[in-house]
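Nothing in this text is a laboratory measurement; each read-out follows from the coordinates by a stated rule. Just so it is clear, the model here is predicted, and its values are computed rather than measured. Note that we place each Cβ from the backbone using ideal geometry, even for glycine, and neighbour counts take in every protein chain shown.
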Amino acid sequence: MGILHGFDRLRLRGTLRQLYCPRVMEAYLSAQHILLKQFGALVEATSRQVKQATEALATKWGRPLVYVNSSAQSKEDLARRIAQRDGIKQGPIGILSCVEPCRSYSLRGNAQTKQLELHLEWRKCLHFYFYFEHPKFGFMHLRLQSWFPFQVDVCLNGRHWLARQLDEAGMVYRKRENCLVWVADPPKAQAFLDQQVQTDWTRELGQLLKECHPMTKPITRPLDLSYYWSVSESEYATDVLFRSPEDLARLYPSLVHHAVSSFSSPDVMRFLGRKVPTETGRVRDNFKGEIISDMKHRPEGVRVKHSLNGNSIKFYDQQGSVLRVETTLCRPKEFRVWRRVEGSRPGRSRAKAWRVLRRAVADMDRRAQVSRASNERYLRALGSASGTVPLFEWTQGVCKPIKRDGRHYRGINPFSPQDGRLLEAISRGEFSINGFRNRDVRALLWQGTANAKEQRRRAGQLTRRLALLRAHGLVRKIGGTHRYVLTEKGQTTITALLAARQADVTQLSQLAA
């Protein structure tokens, strides 16, 4: 019926990051003419003011302030019960408080220097959870640490957010929990999801902070600090909306079987944008990370998940009629973004380059881009090998000679060493987002150094082979550049051809029996 790409759960973090350095914290005290031995009194007084301001907000909003005895208790469930009990459709739901772990300062003496020192360490303190049915974001909460350095966490859901946008637009839809199972106009709904990425996060989150943390200005004033906003975790979901639960139920078991039995560690690396050596097709021997694939039976169905160094991609059936593929990023440094370097250190180039993807909300659009690309790679891998169309029917067009613009082109033979290696090279994960150049593929197909004449010969030969792929509609050239990308037909067809190339004879014999 349609496909929706966009953020699901987002955990955003606000920190006064300068105060996480003990020396800066000492400068913060010095700016207020406070001695280190008076630090405890400052902490107690400031925390007391935060608690009083929170109690005043609860009174102002006319909403309950509830203490939760255990951090293991679901505060989200409690907030939803309060909202349902009081009929809250929009606005503050309530404020919950709970003692939980935090990073904060302790003051200890140094036996060697005979001086007092600040140490940042794990402790426990009171946290406040401000729950809302927000007019823009829908159901969400802000979590405030009541001790220095007063970390803030905001948790919201892109699908709740989308529902608010559809309500404003007057569009009809059906929603169950955090899933839209039917939308009257999927392309328009996708346009709203695309707009979410362009949000002015600093302004929106700053407004939330102003509503829930009135002590922000007094706390940040001594050093003129401001909160730095980052993404501690993001879930980007691609929802394939089926017209009926029966349609998905008929297909789903084969998808689960294929994912569990066919996707290897190199496949997981490709899904999540990592390089796999073309010459071996295996994970490098010096790879130090961890790759895990598992299947879990849940009350609502079966979930298949693949993890790589803290990031993961998974799929499951949502609300019966939605196939959801979801990429979770906890370690964005596994990816790259085209940006300038932060700071202005002498001698450091300020030119744009492919640099580590940051947690900062400034890189949110790139985070969405790489997550969506991961989801689409995974869906193509599922679809190309799990459908009901015979392989020969799907690929016969590219395996036989054709004529384009008055020129004849031979068919592609995926079982020949020459064509097989080329297809493997251009389908590598690192080329899926930014495409590939002639020289990128040459480096994979030919090993060792070569003189200028040989390099020109190789470049010309590869240009002709890429023209063959273009004629068959498998790749296209990006205008104004020297880069090529796989077409949608190319992504699906090449995945299917490579799967057939690597198929096990015993398995094929069993299927034919």
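Below, the figures for the structure above:
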quantity: Rounded to 10°, Cα long-axis angle of helix 452-471 versus longest principal axis of the chain; calculated: 90 degrees
quantity: Rough spin-label spacing in nm, given labels placed 7 Å along Cα→Cβ, for ASN434 and LEU35; calculated: 5.6 nm
quantity: Label point distance in nm, GLN52-GLU211, each placed 7 Å from Cα along Cα→Cβ; calculated: 2.5 nm
quantity: Label-point gap, in nm, between GLU342 and ARG442 - each point 7 angstrom along Cα→Cβ; calculated: 3.8 nm
quantity: Estimated 222 nm signal from helices in the chain, with DSSP H stretches of n ≥ 4 weighted -39500 (n - 2.57), rounded to 500; calculated: -12000 deg cm²/dmol
quantity: Under the Debye formula (equal points on every Cα, no solvent term), log10 I(q)/I(0) of segment 415-505 at q = 0.14, 0.21 Å⁻¹; calculated: -0.51, -1.09
quantity: Convex hull of segment 119-233 built on C-alpha atoms - directionally averaged projected area, nm²; calculated: 8.8 nm²
quantity: For segment 68-176, convex hull volume per residue from C-alpha positions, Å³; calculated: 119 Å³
quantity: Estimated FRET transfer efficiency (ALA499, ARG103; beta-carbon r; R0 60 Å; 0.05); calculated: 0.80
quantity: FRET efficiency estimate (nearest 0.05) - Cβ-Cβ, GLN198 to ARG176, R0 22 angstrom; calculated: 0.20
quantity: Mean projection area, nm², convex hull over Cα of segment 18-60; calculated: 3.7 nm²
quantity: Cα-derived Rg to Rh of segment 242-388, Kirkwood definition; calculated: 1.05
quantity: Förster-model FRET efficiency, 35 Å R0, LYS400 and LYS333, C-beta, rounded to 0.05; calculated: 0.15
quantity: Per-q log10 I(q)/I(0), segment 71-130, q = 0.16, 0.18, 0.20 Å⁻¹ (Debye; single scatterer per alpha-carbon; no solvent); calculated: -0.65, -0.73, -0.81
quantity: Angstrom value of the Kirkwood radius, inverse mean 1/r, which spans all Cα pairs in segment 258-333; calculated: 13.5 Å
quantity: Sites matching trypsin sites (Lys or Arg not before Pro) across segment 21-103 that sit in DSSP coil, with at most 11 neighbouring C-beta atoms within 10 Å; calculated: LYS89
quantity: Computed over segment 180-307, Kirkwood Rh from alpha-carbon pairs, angstrom; calculated: 19.9 Å
quantity: Descending Cα extents along the principal axes, segment 180-219, whole Å; calculated: 48, 19, 9
quantity: Exposed-loop-free span, longest in the chain, where chymotrypsin sites (Phe, Trp or Tyr not before Pro) count as exposed if DSSP calls them loop and at most 16 other C-beta atoms lie within 10 Å; calculated: 1-286
quantity: Exposed-site-free run, longest, the chain (rule: GluC sites (Glu not before Pro); DSSP loop; at most 15 other C-beta within 10 Å); calculated: 1-176
quantity: Calculated over segment 1-230: convex hull of Cα atoms, volume per residue (Å³); calculated: 138 Å³
quantity: Computed log₁₀ I(q)/I(0) - Debye formula, equal Cα scatterers, no solvent, the chain, q 0.13 Å⁻¹; calculated: -1.33
quantity: Extension gain, SER264 back to LYS114 (0.36 nm per residue minus Cα-Cα distance, nm); calculated: 48.2 nm
